[in-house]
Amino acid sequence: MAGEKKRFTVKFRGVRGSHPVPGADTVRIGGNTSCVEVHAGSHLIILDAGTGIVSLGNDLMKDHYSSGGDINGRSRITFTILFSHTHHDHTQGFAFFKPAYLPTSTCYLYGPRLAEEEVEDGLSKAMVSPYFPVQLSDLSSLRSIRSLRESETILYRDSENGPKIVNFYRDNHAAEPCDVKIRVMRSFAHPNGGVFVYRIEMNGKSLVYATDTEGYVGGDQRLIHFATGADLLIHDSQYMHKDYIRKNEVYVQGFGHSSVDMAADVAAQANVGNLALYHYDPQYGDSTVLEMEKRAQSIYKKSIAAYEGLEIEL
Ligand SMILES: [Zn+2]
Ligand SMILES: [Zn+2]
(Lines give C-alpha, C1' and ligand atoms only; values in the text may rest on other atoms or scores of the structure.)
(Ligands and ions follow the chains in the order given, each with its own letter.)
Protein backbone atom coordinates (compact mmCIF):
# COMPACT_ATOMS: atom_id res chain seq x y z
CA MET A 1 0.00 0.00 0.00
CA ALA A 2 1.33 3.44 -0.88
CA GLY A 3 3.03 5.16 2.01
CA GLU A 4 2.97 2.06 4.18
CA LYS A 5 6.36 0.77 5.27
CA LYS A 6 7.00 -2.64 3.76
CA ARG A 7 8.22 -5.42 5.98
CA PHE A 8 11.94 -6.19 5.75
CA THR A 9 12.72 -8.54 8.62
CA VAL A 10 15.33 -11.11 9.46
CA LYS A 11 14.80 -13.97 11.89
CA PHE A 12 17.51 -16.42 12.86
CA ARG A 13 16.22 -20.00 12.87
CA GLY A 14 19.54 -21.81 13.25
CA VAL A 15 22.95 -20.30 13.97
CA ARG A 16 25.26 -23.30 14.35
CA GLY A 17 27.86 -24.64 12.00
CA SER A 18 28.71 -28.26 11.25
CA HIS A 19 26.07 -30.19 13.21
CA PRO A 20 23.14 -29.57 15.56
CA VAL A 21 23.98 -29.28 19.26
CA PRO A 22 20.95 -29.63 21.51
CA GLY A 23 21.55 -29.55 25.25
CA ALA A 24 21.71 -27.46 28.38
CA ASP A 25 24.81 -25.61 27.23
CA THR A 26 23.24 -24.20 24.05
CA VAL A 27 19.79 -23.17 25.29
CA ARG A 28 20.45 -19.45 25.04
CA ILE A 29 22.10 -19.34 21.58
CA GLY A 30 20.35 -22.36 20.12
CA GLY A 31 21.56 -25.64 18.70
CA ASN A 32 20.15 -25.80 15.16
CA THR A 33 22.25 -25.48 12.03
CA SER A 34 22.19 -22.60 9.58
CA CYS A 35 18.92 -21.01 8.52
CA VAL A 36 17.76 -17.40 8.33
CA GLU A 37 14.19 -16.36 7.51
CA VAL A 38 13.85 -13.10 5.60
CA HIS A 39 10.62 -11.33 4.72
CA ALA A 40 11.14 -8.68 2.07
CA GLY A 41 7.78 -7.12 1.34
CA SER A 42 5.49 -10.02 0.46
CA HIS A 43 8.39 -12.34 -0.39
CA LEU A 44 9.71 -15.08 1.87
CA ILE A 45 13.40 -15.68 1.26
CA ILE A 46 15.17 -18.36 3.28
CA LEU A 47 18.93 -18.41 3.57
CA ASP A 48 20.09 -22.02 3.83
CA ALA A 49 18.14 -25.04 5.00
CA GLY A 50 19.98 -26.39 8.03
CA THR A 51 17.88 -27.87 10.83
CA GLY A 52 16.71 -24.36 11.78
CA ILE A 53 14.34 -24.47 8.81
CA VAL A 54 12.21 -27.17 10.48
CA SER A 55 10.66 -24.76 13.00
CA LEU A 56 10.02 -22.23 10.24
CA GLY A 57 8.19 -24.92 8.26
CA ASN A 58 6.09 -25.80 11.28
CA ASP A 59 5.12 -22.15 11.79
CA LEU A 60 4.20 -21.77 8.12
CA MET A 61 2.04 -24.91 8.30
CA LYS A 62 0.20 -23.55 11.34
CA ASP A 63 -0.63 -20.36 9.42
CA HIS A 64 -1.52 -22.40 6.34
CA TYR A 65 -4.06 -24.56 8.13
CA SER A 66 -5.49 -21.74 10.20
CA SER A 67 -6.25 -19.88 6.98
CA GLY A 68 -8.01 -22.77 5.28
CA GLY A 69 -5.18 -25.03 4.11
CA ASP A 70 -5.30 -26.83 0.78
CA ILE A 71 -9.02 -27.50 0.86
CA ASN A 72 -10.19 -24.16 -0.46
CA GLY A 73 -6.89 -23.15 -1.99
CA ARG A 74 -6.86 -19.84 -0.14
CA SER A 75 -3.50 -20.41 1.42
CA ARG A 76 -0.54 -21.05 -0.84
CA ILE A 77 3.00 -21.01 0.49
CA THR A 78 5.58 -19.55 -1.86
CA PHE A 79 9.19 -19.29 -0.86
CA THR A 80 12.73 -19.04 -2.17
CA ILE A 81 15.62 -20.89 -0.55
CA LEU A 82 19.06 -19.54 -1.33
CA PHE A 83 21.71 -22.12 -0.57
CA SER A 84 25.18 -20.84 0.24
CA HIS A 85 26.39 -24.33 -0.70
CA THR A 86 25.24 -27.91 -0.24
CA HIS A 87 27.18 -29.07 2.81
CA HIS A 88 24.93 -31.00 5.23
CA ASP A 89 24.61 -28.24 7.80
CA HIS A 90 22.98 -26.06 5.11
CA THR A 91 20.68 -28.67 3.56
CA GLN A 92 19.83 -31.27 6.22
CA GLY A 93 16.63 -29.52 7.30
CA PHE A 94 15.10 -29.31 3.83
CA ALA A 95 13.73 -32.87 3.84
CA PHE A 96 11.82 -31.99 7.04
CA PHE A 97 10.49 -28.67 5.76
CA LYS A 98 6.81 -29.53 5.52
CA PRO A 99 5.68 -26.77 3.12
CA ALA A 100 7.82 -28.44 0.42
CA TYR A 101 5.48 -31.45 0.62
CA LEU A 102 2.28 -29.50 -0.08
CA PRO A 103 0.86 -29.62 -3.62
CA THR A 104 -0.16 -25.96 -3.29
CA SER A 105 3.34 -24.75 -2.41
CA THR A 106 5.72 -23.17 -4.89
CA CYS A 107 9.45 -23.43 -4.14
CA TYR A 108 12.27 -21.60 -5.81
CA LEU A 109 15.54 -23.26 -4.87
CA TYR A 110 18.77 -21.58 -5.93
CA GLY A 111 22.42 -22.09 -5.15
CA PRO A 112 25.86 -22.51 -6.66
CA ARG A 113 26.99 -25.24 -9.02
CA LEU A 114 29.66 -27.04 -7.01
CA ALA A 115 32.13 -29.78 -7.86
CA GLU A 116 30.66 -30.11 -11.39
CA GLU A 117 27.24 -30.63 -9.87
CA GLU A 118 24.06 -28.60 -10.35
CA VAL A 119 22.28 -27.56 -7.16
CA GLU A 120 19.39 -29.92 -7.97
CA ASP A 121 21.75 -32.92 -8.03
CA GLY A 122 23.22 -31.86 -4.70
CA LEU A 123 19.77 -31.61 -3.10
CA SER A 124 18.67 -34.91 -4.62
CA LYS A 125 21.68 -36.64 -3.12
CA ALA A 126 20.78 -35.25 0.31
CA MET A 127 17.49 -37.20 0.07
CA VAL A 128 18.64 -40.29 -1.79
CA SER A 129 17.45 -43.82 -1.03
CA PRO A 130 18.29 -45.83 1.06
CA TYR A 131 19.41 -42.95 3.29
CA PHE A 132 16.08 -41.13 3.23
CA PRO A 133 12.54 -42.46 2.60
CA VAL A 134 11.36 -39.64 0.30
CA GLN A 135 13.10 -38.51 -2.88
CA LEU A 136 13.30 -34.88 -3.94
CA SER A 137 11.29 -35.77 -7.05
CA ASP A 138 8.50 -37.25 -4.87
CA LEU A 139 7.64 -33.92 -3.26
CA SER A 140 4.21 -32.68 -4.34
CA SER A 141 5.11 -28.99 -4.40
CA LEU A 142 5.86 -27.12 -7.59
CA ARG A 143 9.60 -26.57 -7.70
CA SER A 144 11.91 -24.45 -9.74
CA ILE A 145 15.49 -25.50 -8.98
CA ARG A 146 18.37 -23.78 -10.64
CA SER A 147 22.07 -23.23 -10.18
CA LEU A 148 22.97 -19.57 -10.24
CA ARG A 149 25.99 -17.84 -11.65
CA GLU A 150 27.79 -14.98 -10.01
CA SER A 151 26.78 -12.84 -12.98
CA GLU A 152 23.10 -13.28 -12.19
CA THR A 153 20.74 -11.17 -10.12
CA ILE A 154 17.38 -12.24 -8.70
CA LEU A 155 14.56 -9.74 -8.95
CA TYR A 156 11.14 -9.75 -7.28
CA ARG A 157 8.13 -7.58 -7.94
CA ASP A 158 5.38 -7.28 -5.38
CA SER A 159 2.80 -7.83 -8.10
CA GLU A 160 4.31 -11.23 -8.96
CA ASN A 161 4.69 -14.30 -6.81
CA GLY A 162 7.93 -15.68 -8.19
CA PRO A 163 11.36 -14.22 -8.82
CA LYS A 164 13.00 -13.47 -12.14
CA ILE A 165 16.68 -14.10 -12.81
CA VAL A 166 18.58 -11.69 -15.03
CA ASN A 167 22.18 -11.41 -16.13
CA PHE A 168 23.72 -8.59 -14.10
CA TYR A 169 25.97 -7.49 -16.96
CA ARG A 170 24.11 -8.34 -20.15
CA ASP A 171 20.50 -7.57 -19.28
CA ASN A 172 19.62 -4.03 -18.55
CA HIS A 173 18.94 -4.92 -14.93
CA ALA A 174 18.92 -1.34 -13.77
CA ALA A 175 15.91 -0.72 -15.96
CA GLU A 176 14.07 -3.77 -14.65
CA PRO A 177 11.31 -2.72 -12.33
CA CYS A 178 11.79 -4.60 -9.09
CA ASP A 179 10.94 -4.33 -5.43
CA VAL A 180 13.58 -6.71 -4.11
CA LYS A 181 16.97 -7.35 -5.66
CA ILE A 182 19.43 -10.10 -4.71
CA ARG A 183 23.01 -10.07 -5.87
CA VAL A 184 25.44 -12.95 -5.67
CA MET A 185 29.15 -13.14 -4.93
CA ARG A 186 31.18 -16.31 -5.05
CA SER A 187 33.62 -16.70 -2.21
CA PHE A 188 36.42 -19.16 -2.85
CA ALA A 189 37.36 -19.34 0.83
CA HIS A 190 35.59 -22.64 1.57
CA PRO A 191 36.59 -26.19 0.59
CA ASN A 192 35.44 -27.78 -2.66
CA GLY A 193 34.41 -24.84 -4.76
CA GLY A 194 33.53 -22.11 -2.30
CA VAL A 195 30.13 -20.69 -1.40
CA PHE A 196 27.71 -18.02 -2.53
CA VAL A 197 27.37 -14.84 -0.54
CA TYR A 198 24.06 -13.03 -1.06
CA ARG A 199 23.08 -9.39 -0.81
CA ILE A 200 19.34 -8.71 -0.48
CA GLU A 201 18.19 -5.15 -1.14
CA MET A 202 14.82 -3.50 -0.71
CA ASN A 203 13.80 0.15 -0.34
CA GLY A 204 17.40 1.29 0.07
CA LYS A 205 18.03 -1.22 2.89
CA SER A 206 20.28 -4.23 2.54
CA LEU A 207 21.41 -7.44 4.15
CA VAL A 208 24.52 -9.49 3.31
CA TYR A 209 24.73 -13.19 4.16
CA ALA A 210 28.30 -14.46 4.24
CA THR A 211 28.58 -17.84 5.90
CA ASP A 212 31.23 -20.54 5.54
CA THR A 213 33.93 -18.17 4.46
CA GLU A 214 37.42 -17.61 5.82
CA GLY A 215 39.29 -14.33 6.13
CA TYR A 216 42.39 -13.22 4.30
CA VAL A 217 45.35 -11.07 5.32
CA GLY A 218 44.10 -7.48 5.27
CA GLY A 219 40.48 -8.67 5.03
CA ASP A 220 38.59 -10.29 2.15
CA GLN A 221 38.53 -7.24 -0.10
CA ARG A 222 36.02 -8.66 -2.60
CA LEU A 223 33.63 -9.41 0.24
CA ILE A 224 34.26 -6.02 1.86
CA HIS A 225 33.44 -4.32 -1.44
CA PHE A 226 30.33 -6.48 -1.88
CA ALA A 227 29.11 -5.80 1.68
CA THR A 228 29.92 -2.07 1.78
CA GLY A 229 27.21 -0.03 3.44
CA ALA A 230 24.91 -2.99 4.14
CA ASP A 231 22.54 -2.41 7.05
CA LEU A 232 23.20 -5.90 8.35
CA LEU A 233 26.10 -8.25 7.70
CA ILE A 234 25.67 -11.87 8.79
CA HIS A 235 29.17 -13.29 8.84
CA ASP A 236 30.71 -16.67 9.60
CA SER A 237 32.22 -16.62 13.07
CA GLN A 238 33.10 -20.23 13.67
CA TYR A 239 36.07 -19.69 15.98
CA MET A 240 37.44 -17.61 18.80
CA HIS A 241 40.58 -16.07 17.41
CA LYS A 242 42.87 -18.11 19.70
CA ASP A 243 41.20 -21.33 18.49
CA TYR A 244 41.59 -20.25 14.88
CA ILE A 245 45.32 -20.03 15.53
CA ARG A 246 45.28 -23.45 17.17
CA LYS A 247 42.23 -25.29 18.41
CA ASN A 248 43.31 -27.79 21.04
CA GLU A 249 45.49 -30.11 19.02
CA VAL A 250 43.99 -29.19 15.65
CA TYR A 251 45.01 -26.51 13.20
CA VAL A 252 41.85 -25.18 11.58
CA GLN A 253 43.26 -22.61 9.18
CA GLY A 254 42.08 -23.45 5.69
CA PHE A 255 38.90 -25.18 6.88
CA GLY A 256 36.92 -22.35 5.30
CA HIS A 257 35.71 -20.57 8.42
CA SER A 258 36.48 -17.26 10.08
CA SER A 259 37.49 -16.17 13.52
CA VAL A 260 35.35 -13.59 15.28
CA ASP A 261 38.14 -11.06 14.67
CA MET A 262 37.96 -11.65 10.91
CA ALA A 263 34.19 -11.14 10.92
CA ALA A 264 34.49 -7.89 12.88
CA ASP A 265 37.27 -6.68 10.62
CA VAL A 266 35.11 -7.20 7.50
CA ALA A 267 32.24 -5.35 9.22
CA ALA A 268 34.51 -2.42 10.11
CA GLN A 269 36.07 -2.15 6.65
CA ALA A 270 32.69 -2.47 4.93
CA ASN A 271 31.18 0.06 7.36
CA VAL A 272 28.01 -1.97 7.82
CA GLY A 273 25.10 -0.94 10.03
CA ASN A 274 25.31 -4.03 12.22
CA LEU A 275 27.29 -7.24 12.32
CA ALA A 276 25.62 -10.52 13.32
CA LEU A 277 28.05 -13.28 14.27
CA TYR A 278 26.88 -16.64 12.88
CA HIS A 279 27.76 -20.30 12.25
CA TYR A 280 29.43 -21.03 15.59
CA ASP A 281 31.57 -24.04 16.22
CA PRO A 282 29.32 -26.77 17.71
CA GLN A 283 31.76 -27.24 20.59
CA TYR A 284 31.07 -23.74 21.89
CA GLY A 285 28.53 -23.38 24.67
CA ASP A 286 26.52 -20.23 25.35
CA SER A 287 29.20 -18.58 27.47
CA THR A 288 31.84 -18.89 24.75
CA VAL A 289 29.51 -17.37 22.16
CA LEU A 290 28.82 -14.45 24.52
CA GLU A 291 32.57 -14.02 24.92
CA MET A 292 32.80 -13.90 21.12
CA GLU A 293 30.19 -11.16 21.09
CA LYS A 294 32.27 -9.08 23.51
CA ARG A 295 35.37 -9.66 21.44
CA ALA A 296 33.56 -8.59 18.25
CA GLN A 297 32.24 -5.45 19.97
CA SER A 298 35.77 -4.51 21.02
CA ILE A 299 36.70 -4.42 17.33
CA TYR A 300 33.38 -3.26 15.85
CA LYS A 301 30.95 -1.81 18.35
CA LYS A 302 27.78 -2.57 16.39
CA SER A 303 28.16 -6.34 16.71
CA ILE A 304 25.77 -8.91 18.08
CA ALA A 305 25.98 -12.69 18.45
CA ALA A 306 23.03 -14.10 16.49
CA TYR A 307 20.87 -16.54 18.44
CA GLU A 308 17.90 -18.66 17.54
CA GLY A 309 14.77 -16.53 17.54
CA LEU A 310 16.58 -13.20 17.19
CA GLU A 311 14.58 -10.89 14.95
CA ILE A 312 15.98 -7.77 13.33
CA GLU A 313 13.99 -5.24 11.37
CA LEU A 314 15.84 -3.45 8.61
ZN1 LIG B 1 28.49 -24.75 7.32
ZN1 LIG C 1 30.40 -25.72 4.50
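The values are calculated or read from the model by the stated rules, or taken from the named source; none is laboratory data. Values in this document were obtained by computation on a predicted structure and should not be read as measured data. Glycine also receives a Cβ, built like all others from the backbone with ideal geometry; neighbour counts cover every protein chain displayed. Heads up: the accessible areas ignore ligands, DNA and RNA and are worked out on the full protein's heavy atoms, side chains in. Shrake-Rupley method; radii C 1.70, N 1.55, O 1.52, S 1.80 Å.
For the reader, a short list of remarks on this structure follows.
- Computed over the range 23-99, the Cα gyration tensor eigenvalues convert (square root of 5λ each) into semi-axes of 24, 15, 11 Å, ordered from largest to smallest.
- Calculated [222 nm] ellipticity per residue, helices only, for the chain: -5500 deg cm²/dmol; basis is -39500 (n - 2.57) per DSSP H run with n ≥ 4, divided by all residues, nearest 500.
- Cβ-based net charge around L114, under 15 Å, with every Lys or Arg adding one and every Asp or Glu removing one: -4
- Förster radius 25 Å - calculated FRET efficiency between Q253 and E117, Cβ distance, rounded to 0.05: 0.40
- Net charge contributed by nearby residues that have their C-beta within less than 15 Å of E37 (K/R +1, D/E -1): -1
- A simple rule links phi to the HN-Hα coupling: the Karplus curve 6.51 cos²θ - 1.76 cosθ + 1.60 with θ = phi - 60°, which for the range 191-196 gives x, 6, x, x, 9, 9 Hz, with x for Gly and Pro.
- Heavy-atom accessible surface of the chain: percent carbon and sulfur, 1.4 Å: 50 percent
- Unsatisfied cross-links (Cα-Cα over 29 Å) in the set K98/K125; K11/K62; K164/K205; K125/K302; K98/K242: K125/K302; K98/K242
- Residues in the range 216-238 reached by a label modelled at N271 [backbone nitrogen below 17 Å; 7 Å Cα→Cβ]: 221-233
- Compactness relative to 2.2 N^0.38 Å, alpha carbon Rg of the chain: 0.96
- Amide H contacts for Y108 (H built 1.01 Å from N in the peptide plane; partners 5 or more residues away or on another chain; cut-off under 5 Å): F79, T80, I81, S144.
- Dipole of the range 156-301, positive direction: furthest Cα of N248, Y209, A230, with charges on the beta-carbon: A230
- Computed from Cα atoms, the angle from the helix 286-299 axis to the main principal axis of the chain rounds to 70 degrees.
- Gyration tensor (Cα) of the range 1-138, equivalent ellipsoid semi-axes in angstrom: 24, 20, 16
- Between H39 and E313, the distance separating the two model label sites (each 7 Å from Cα on the Cα→Cβ line) works out to 1.1 nm.
- Counted charge near D236, where neighbours are those whose Cβ lies closer than 11 Å (Asp, Glu -1; Lys, Arg +1): -4
- Degrees separating the helix 260-270 axis from the principal Cα axis of the chain, which is the longest one: 70 degrees
- The alpha carbon centroids of the range 240-262 and the range 1-61 are separated by 26 Å.
- FRET E, pair Q297, Y216, Förster distance 22 Å, beta-carbon r, rounded to 0.05: 0.45
- 20 Å cut-off, amide nitrogen to a point 7 angstrom out along R186 Cα→Cβ, residues in the range 108-123: 109-123
- Equivalent ellipsoid semi-axes, the range 108-166, via Cα gyration tensor eigenvalues times 5, rooted, Å: 25, 17, 5
- A crude spin-label estimate for the pair I245 and D138, with each label 7 Å from Cα along the Cβ direction, gives 5.1 nm.
- Take the chain with all the other protein chains still there, run a 1.4 Å probe, and you get 44 Å² of accessible area per residue.
- For the peptides 47-58, 119-130, 273-284, residues were scored by their other Cβ atoms within 10 Å and the scores averaged per peptide; the highest-first order is 47-58, 273-284, 119-130.
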